[in-house]
Amino acid sequence: MTDNTPLKQDFRHAMASCAAGVHVITTDGAAGRYGITMTAVSSITDEPPTVMLCINRSAAIIPILQTNRDLCINVLSAGQQDVAEHFAGITQLSPEERFEYHIWHRGGSGQLQVEGALAHMHGRIVAQHDIGTHCVFYVEISEIKVHDAERAPALVYFRRHFHGLA
């Protein structure tokens, strides 16, 4: 399927009509530090707690995740649109500069978590497979911190724009 086939474009338009939570995935280890904004994050099972990440195979984070294996899923609040934009590459900051504009802490796993996120989930990639243009990573979660859910709405992506979800 080429980039301009009607089916591919219709699929993209249909998926843009599905609101999705916004996350920044961070990893730090032997292959270096990196982060990426994602909406293709989904729970799979709670025994053991496992999450699926779908990332385009051309993304620079792929070889870094394959080497580091450990990561943190930061669930962003509506007030963190700037974080989402930086890690999506919208602001043209370099991968290292993206980390300089926000306050970071390390969780028990040693992975970076952005201050103010609604939740942090630390885990390790336990499996991977490729489908079409994407790598699917299965991440077993070992540490979870949920912050005061009453204080802030979630950040969602809907019809190619960020929105706060009250």
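The values are calculated or read from the model by the stated rules, or taken from the named source; none is laboratory data. What you see is a predicted model; the values in this text were computed from it and never measured. Note: ideal-geometry Cβ built from the backbone for every residue, glycine included; neighbour counts use all protein chains shown. Just the protein is used for accessible areas: all its heavy atoms, side chains included, with ligands, DNA and RNA removed. Shrake-Rupley method; radii C 1.70, N 1.55, O 1.52, S 1.80 Å.
Brief remarks follow.
- Some residue of the range 81-99 being in a strand (DSSP E or B) and among the acidic types (Asp, Glu): no
- Some residue of the range 39-47 being of a type in the set (A, V, I, L, M) and open to solvent by 60 Å² or more (accessible area, probe 1.4 Å): yes
- Complete set of residues in the range 1-11 that are at pLDDT 85 or above and either open to solvent by 50 Å² or more (accessible area, probe 1.4 Å) or under 17 Å from the mean Cα position of the chain (by Cα) (or both): Pro6, Leu7, Gln9, Asp10, Phe11
- Against the criterion of being open to solvent by less than 40 Å² (accessible area, probe 1.4 Å) and either touching an Asp or Glu at 6+ places or on another chain (Cβ under 6 Å) or in a strand (DSSP E or B) (or both), His102 does not qualify.
- Subset of the range 59-85 (residues that are buried (at least 18 other Cβ atoms within 10 Å of the Cβ), polar (S, T, N, Q) and over 11 Å from Val156 (Cα atoms)): Asn68, Asn74
- Pair list, Cβ under 6 Å, 6 or more apart: the range 12-38 residue surrounded by fewer than 17 Cβ atoms within 10 Å (Cβ to Cβ), other residue polar (S, T, N, Q): Ala20/Thr39; Gly29/Asn68; Ala30/Thr67; Ala31/Thr67; Ala31/Asn68
- Of the listed requirements (1) within 18 Å of Leu53 (Cβ to Cβ); (2) out of contact with any helix residue (DSSP H, G or I) (no Cβ under 8 Å at 6 or more places or on another chain), Val114 misses just one: (2).
- Those residues of the range 125-166 which are open to solvent by 60 Å² or more (accessible area, probe 1.4 Å), closer than 22 Å to Thr50 by Cα and not in a strand (DSSP E or B), in sequence order: Ala149
- Those residues of the range 26-41 which are part of a strand (DSSP E or B), under 8 Å from the mean Cα position of the chain (by Cα) and either at pLDDT below 95 or of a type in the set (S, T, N, Q) (or both), in sequence order: Thr26, Thr37
- Breaking point among (1) aliphatic (A, V, I, L, M); (2) without any contact (Cβ under 8 Å) to a residue 12 or more places away in the chain; (3) closer than 18 Å to Arg33 by Cα, for Ala59: (2)
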